[in-house]
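Remarks on the structure that follows.
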Amino acid sequence: MLPFFLRLFTNGKAPPGDEELLRLYQQTGELEHLGELYQRHSEMVYLVCLKYLKDEEESKDTTMQLFEHIAEALLKHEVSNFKSWLHSTTRNFCLMQLRAGKKVQRIALEDSPPLFMENAPPMHLTEAEQVEETEQALRQALQELPPEQRRCIELFYLQQKSYKEISALTGCDLNKVKSYIQNGKRNLKLYLEKKHAPK
């Protein structure tokens, strides 16, 4: 077999795109395809880990652990945008690390602490304490949502189900599912902003 760089010149074909490599891996389960795909985004994964874990060696270890994690997850879940999904999965994985092995709810709707809040007041807490406080607020906020919105939010963010899977589980059409998730996300944000507003 010709070396990879020679094959590029001899067959004239461009390397397969992310979607193609993802499709090949999900069809065959061959780690070779996933390895090539993950390598393309490994720098992003490492930088996200570094942002949350604040430690170079731990971030390198987590980057390697994540490959094993997504190898299993991608065989169970439908993913439409691999890079976006990987970024979200990496962030959630790091939150689990910050919880020192305790189970963390996999929900992260916005990229600012506390989760899904903008212009949040400064907090003098450790990152693990921030995660704990945020989770408590999330659990309370979820209970305030209408049942349909809460169910769709939990399936989408906590169980990482696709729109299609949620539609099958709930009996709602795809547009309804998307609407419930968007409205639920907005209502959660409003609830948390109100809860944390200055009194």
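The values are calculated or read from the model by the stated rules, or taken from the named source; none is laboratory data. These numbers were taken from a predicted model, which means no experiment stands behind them. Here Cβ is always computed from backbone atoms with ideal geometry, including for glycine, and neighbour counts include all displayed protein chains.
Any residue at all in the stretch 7-30 that's closer than 30 Å to ALA137 by Cα, at pLDDT 90 or above and crowded, with 18+ Cβ neighbours inside 10 Å?
No, that holds for no residue.
Give me the residue from the stretch 152-175 that is in a helix (DSSP H, G or I) and touching a residue at least 24 places away in the same chain (Cβ under 8 Å) and, out of that set, nearest to the chain's Cα centre (by Cα).
TYR157
Given (1) of a type outside the set (Val, Ile, Thr); (2) modelled with pLDDT under 75; (3) in a helix (DSSP H, G or I), identify the lone condition not met by MET117.
The failed condition is (3).
The conditions are (1) farther than 29 Å from ILE166 by Cα; (2) in contact with a Cys (Cβ under 8 Å, 6 or more places away or on another chain), and CYS94 fails exactly one of them. Which is it?
With respect to (1) farther than 29 Å from ILE166 by Cα; (2) in contact with a Cys (Cβ under 8 Å, 6 or more places away or on another chain), CYS94 is out only on (1).
Go over the candidates LEU21, LEU53, LEU37, LEU31 one by one and state the one that is free of Cβ contacts under 8 Å to residues at least 40 places away in the same chain, assigned by TED's automatic domain parsing to the domain that holds LEU95 and more than 15 Å from the chain's Cα centre (by Cα).
LEU21
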